[in-house]
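Some notes on the structure that comes next.
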Amino acid sequence: MNTLQRMNSPNPRSSGLRLVSAWCSGALLTLVPCSTLIAADETPSSNELQFRTELRERGGVVRCGLFAKDGWLSKPVGAATVSANTARPICIFHGIPAGTYGLSAFHDKNDNGKLDTNFVGMPTEDYCASNNARGFMGPPSFSDARFVYRGGTKRLEARMK
């Protein structure tokens with residue numbers, strides 16, 4: 001059974017899930033919402049973010065970065081590189097704690113490890129960010145790209161331009 005199936009259809013014999021069911025059906029239901037208890041059952045090692053990018057052409061690699069607000073586009077809290085041999089490659093980040101993040105990716109067609117730019121600094125390779133955020137005469141802002149991650153599996157998509 002692959003990881004996604006295991007995460008989307010939990011084993012009812014799991015002691016953690018039995019504990020959550022018992023709590024949710026008990027008198028504490030009015031004090032602690034079930035969603036809080038279920039999120040607490042998720043461990044950071046099982047948390048996964050998937051960022052599917054849509055490419056205009058194939059070849060090279062896609063480089064993705066996961067950022068918190070204070071390090072937007074400068075200090076990633078996670079990074080992933082995947083082959084760009086399909087039209088919709090997916091960068092996967094494992095063990096991500098709950099929080100507010102932004103994702104950025106670029107199509108490194110020549111696989112040189114950087115976003116190539118022209119003489120005025122405009123990118124010559126396609127790029128994207130979560131929420132399909134785009135900047136005007138510069139990179140997208142964190143506020144446009146941000147999303148809330150509560151744990152478990154979250155799937156996001158963006159189109160390279």
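The values are calculated or read from the model by the stated rules, or taken from the named source; none is laboratory data. This one's a predicted model, so the numbers in the text were calculated from it and none came from an experiment. With ideal geometry, Cβ positions are generated from the backbone for all residues, glycine too; neighbour counts draw on all protein chains shown.
Annotations
- Only a single criterion out of (1) surrounded by fewer than 17 Cβ atoms within 10 Å (Cβ to Cβ); (2) at pLDDT 95 or above; (3) closer than 25 Å to Glu57 by Cβ is not satisfied by Pro89, namely (1).
- Being buried (at least 21 other Cβ atoms within 10 Å of the Cβ), touching a Pro at 6+ places or on another chain (Cβ under 8 Å) and in the same structural domain as Tyr149 (by TED's automatic domain parsing) is not true of Val82.
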